[in-house]
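*Asks:* Just dropping this structure here.
Nothing in this text is a laboratory measurement; each read-out follows from the coordinates by a stated rule. Being a predicted model, the structure only gives us computed values, none of them experimental. Ideal geometry is used to build each Cβ from the backbone, glycine not excepted, and the neighbour counts take in all protein chains shown.
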Amino acid sequence: MGKYKYLLLLLIAFAVVAPLVASFASGNSDSANTTATTIVAPPPAQPLTLVPRPQKIVDMMKARGEQDDAKPTLKIVSPGKNAVINGSNVEVKLDLSGDLKGYMPHKDPATGKGNHIHVILDNQPYEAYYELGQPFELRNVAAGKHTLRVFPSRPWHESYKNTGAFQMVTFTVKGGGDAAKPTTTNNGQTMASPATTPPREGKDFPASNAGDVNPSKPLLTYSRPKGEYKGADADPIMIDFWLTGAKLKGDGGEYRVRYIVDDDEPKFIDKWEPIWLSGWINGKHTVRLELLDKDGRPVENGGYNTTSREITIVK
Ligand SMILES: [Cu+2]
């Protein structure tokens, strides 16, 4: 084959192949765009799967001895039932008793973890209370009627579910919630400036008021998940709640708990125990828990039986 003929053949070959290559390349870049769009725009499918209790928690339970068989009971010493409190600071004092088997709330300074009490003002996310020897301060509480719910919890935030563990009171705050006003104790003493760092455990609370809750009616108290989940703690994530005045189907009752993550299909919990879900992707998610009656209808109780929380996953 002559040199020129060979070159000509090469040229022809190029003429045929080049557009194909171009179209292939552009097709590729189209599909690359599509992929990018799926990642950025609406959250991609997040197939969550139910997984067993994580091994690291099973190991922690073993190391705790009998603690997880404890039946801790709480008494709300303060605020008293239907107490009227002057000022926006509310001192919570609890009495812990019952069959404790070594269970005692305390934050380990080294790990920042430990047994603690979940303290819930109205239907806000719970706050952790570790050292019961000192009162827990609900700060900046808005004027009006409020509910307080408490129950003992483990270092991994799973609640104790025995009779007497959960307590609830209703109280009223007068003149509270305005940071410009001096905060006073319940005997009317003006307290130190709220700007100083208080030595007690406590939390500034955003404004909220009690729902019209009837404590003798079925009540679902949302506990977990809440807040931010990082690294190894971000998968799996536990759903946990407290249930009063209602038995779930799988426990011989007729109620169900429905949970909805983001816009996923509703799922059901038919036994009162924590569940662990795996497969979370980074970003913000909403978790909604609802108590349903035997006909699948939400059970109304002051708006507390349907609760949504936003959580953030950072893996
Ligand atoms: Cu907790």
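*Asks:* How do Leu100, Leu220, Leu243 rank when sorted from fewest to most other Cβ atoms within 10 Å of their own Cβ? Please report the intermediate quantities before stating the final value.
*Replies:* Values: Leu100 16, Leu220 24, Leu243 20.
Arranged by neighbour count, lowest to highest, Leu100, Leu220, Leu243 become Leu100, Leu243, Leu220.
*Asks:* Also, I was wondering about something else. Once a ≥ b ≥ c are taken as the square roots of the eigenvalues of the Cα gyration tensor of the range 42-155, is the result rounded (a/c under 1.5), prolate (a/b larger than b/c) or oblate (a/b not larger than b/c)?
*Replies:* oblate
*Asks:* Against the 2.2 N^0.38 Å scaling, with N counting residues, where does the range 257-312 land? I'd like the Cα-based Rg ratio to two decimal places.
*Replies:* Rounded to two decimals, the normalised Rg is 1.19.
*Asks:* What's the extension gain from Val314 to Ala83 if we count 0.36 nm per residue and subtract their Cα-Cα distance?
*Replies:* Length gained, Val314 through Ala83: 79.0 nm.
*Asks:* Between the range 61-122 and the range 128-154, what is the separation of their alpha carbon centroids in Å?
*Replies:* If we compute the Cα centre of each part, the gap is 9 Å.
*Asks:* Considering just Cα atoms, how many Å³ per residue does the convex hull of the range 205-247 enclose?
*Replies:* Numbers: hull volume 3.4 nm³, N = 43.
Hull volume over Cα atoms, normalised by residue count, gives 78 Å³.
*Asks:* Fewest to most neighbouring Cβ within 10 Å: what's the order for Ser153, Ser308?
*Replies:* Neighbour counts put them in this order, fewest first: Ser308, Ser153.
*Asks:* Please state the shape class of the range 130-175: rounded when a/c is under 1.5, otherwise prolate if a/b exceeds b/c and oblate if not, all from the C-alpha gyration tensor.
*Replies:* It comes out prolate by the Cα gyration axes.
*Asks:* Could you list Glu300, Glu265 in order of exposure, starting from the residue whose Cβ has the fewest other Cβ atoms within 10 Å?
*Replies:* Working: Glu300 16, Glu265 6.
Going from sparsest to densest Cβ surroundings: Glu265, Glu300.
*Asks:* Taking 0.36 nm per residue of sequence separation and subtracting the Cα-Cα distance, how much length would be gained by fully extending the chain between Ser97 and Asp251, in nm to one decimal?
*Replies:* Numbers: separation 154, 0.36 × 154 = 55.44 nm, distance 2.65 nm.
Length gained, Ser97 through Asp251: 52.8 nm.
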